[in-house]
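See structure below.
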C-alpha cells in the first residue's frame with residue numbers, strides 16, 4: 001500500500017507532543033491549538049481511506065476529518081504518548097465512522113460500496129477479491145479476538161497509513177516485530193478474503 005505518512009510542518013513535532021500532554025492534563029483548548037499542526041496529516045489519512053471507496057461516496061475527506069474531530073472532543077481524557085499515538089487513534093475513529101456510515105446506508109446490491117485493497121495488500125489476491133468495508137471490518141474483529149496486536153497493526157498500516165516505525169512507536173515494540181506480524185496478518189487476510197469460510201477462523205500465529 002502507499003505510505004501515507006507525511007512530515008508535519010518544521011518544528012511542529014515537539015509542539016504536537018506538548019499539546020497532547022496538555023490535553024491529557026485537561027486543557028480542552030489544546031486540541032484546537034493543535035489541529036493546524038496535524039490537519040494536513042489527518043487529511044492524508046482521510047483521503048487514503050476514501051480513495052478506495054466508490055467514487056460517489058457521500059463522505060468527503062474534510063467531512064471525515066471534521067467528524068473525527070468531533071469524536072476526539074467527546075473522548076474521555078486520554079493519556080497521549082506522542083503524535084503517532086494520536087494519528088493511530090484518529091485513524092481508528094475514521095474507520096469507525098466509515099463503518100457506521102456503511103451500516104447506516106444499509107445493504108446494497110453486490111458491487112456497490114466496495115473498498116478496493118491497496119496494492120501492497122491486494123497483490124496476489126485470489127481472483128482479484130475486492131472486499132467491502134464491512135467484510136473487512138468483520139475480519140479485523142475476528143483477528144482482534146485471536147490476536148489484538150496483529151489487528152492493531154493492520155488497522156494502523158492499512159487504514160491509518162502509519163509507517164512501520166510509527167506503529168512500533170505506538171505499540172512499544174521493535175520495527176522488525178511489526179514487519180513480521182504485518183506479513184503474517186496480511187497473509188491471513190489473503191487467505192480469508194480468498195475463501196468462503198464460516199466463522200471460527202484461525203488467526204496467524206508467531207513462530208517459536
Is it true that some residue in segment 45-55 is modelled with pLDDT of 90 or more and surrounded by fewer than 16 Cβ atoms within 10 Å (Cβ to Cβ)?
no
With (1) at pLDDT below 85; (2) over 20 Å from residue 45 (Cα atoms) as the list, and residue 158 as the residue in question, which single condition is left unmet?
(2)
Could you tell me whether residue 177 is out of contact with any helix residue (DSSP H, G or I) (no Cβ under 6 Å at 6 or more places or on another chain) and either surrounded by fewer than 18 Cβ atoms within 10 Å (Cβ to Cβ) or modelled with pLDDT of 85 or more (or both)?
yes
Subset of segment 137-146 [touching a helix residue (DSSP H, G or I) at 6+ places or on another chain (Cβ under 8 Å) and either free of Cβ contacts under 8 Å to residues at least 40 places away in the same chain or not in a helix (DSSP H, G or I) (or both)]:
140, 141, 144
Filter result for residue 134 (out of contact with any strand residue (DSSP E or B) (no Cβ under 7 Å at 6 or more places or on another chain) and either outside any helix (DSSP H, G or I) or at pLDDT 85 or above (or both)):
no
Any residue at all in segment 84-100 that's assigned to a helix (DSSP H, G or I), surrounded by fewer than 13 Cβ atoms within 10 Å (Cβ to Cβ) and modelled with pLDDT under 85?
no
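The values are calculated or read from the model by the stated rules, or taken from the named source; none is laboratory data. These figures come from a predicted structure and were not determined experimentally. Note that we place each Cβ from the backbone using ideal geometry, even for glycine, and neighbour counts take in every protein chain shown.
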